[in-house]
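Beneath this line is the structure, given in structure tokens, with notes to follow.
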């Protein structure tokens, strides 16, 4: 039989000779190589176990936090969860706003679980019975012990709007004390923020300003450290801290930076009775260069020379006390 011009041998089959492939099917005959290991096959149980182990290891490397924020569009936090029996009951005792309390199905009761359920019921927080797989998913496989508290995202005010409204109310006599704000420069510890909010509340301050980027936010840890003061003291965000400070100065608010190498010692501060915004930097780096340039004065707190610096929240508390003392003596 003719080969019709196609390459390859003529094979004799039961139904007659047929045309070969000319070697084109050789690659298909070679096979797909050795079978991948079970842990490398996405649909195998061993693969999923390997992924879980890697995620757990990553958590241990980042400090094993029991509370975390989930990211939404553009990286903004949409919700936060507090996990573990001790953490949940302490958060409820502190009055942290909560969206829901998730309780594992058939959870083993102890005093912490009972108190958490009681506190949630008293505050009207929805109680949701949730399966372990869903709790694992919500917490990214953190240790939750059957209790997960959902925290709604904090609603920040705009820094400019907060300052403008406060100045306007003060000028109209609706606010007794001159505007008093605290701005944070490079502080990332939520416990520092919580303690600062508490001090601002204690000394009749009007708000805390935080930058949008590379800065601490109002997390569950900040709520807890504030001991409820976060309900009374607004926290506002500034897209750019230096721009916000310039706007404050245009409103007649004096910007005072706290630094060990200051122009004036805290007891000699003469601007305490004026509208002021106290800016504090991180304990390690202090104030950034641009922030220093935007300050009307750099104020130092006299301390023992053996002590290099004060914790940010402590420095703010001391400064607010002095401002409050001078205003009361006026």
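Can you tell me what percent of all Cα-Cα pairs in region 111-243 are more than 26 Å apart? Don't skip to the end; give the middle numbers.
Numbers: 3304 of 8778 pairs.
I get 38 percent for the Cα pairs in region 111-243 exceeding 26 Å.
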Over its Cα atoms, what ratio of radius of gyration to 2.2 N^0.38 Å does region 221-330 give?
1.09
Would you order 223, 170 from fewest to most other beta-carbon atoms within 10 Å of each residue's own beta-carbon?
170, 223
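Read-outs: derived from the displayed coordinates by stated rules, not from any lab. Just so it is clear, the structure is predicted and the values come from calculations on it, not from any experiment. All Cβ positions, glycine included, derive from the backbone under ideal geometry; neighbour counts span all protein chains shown.
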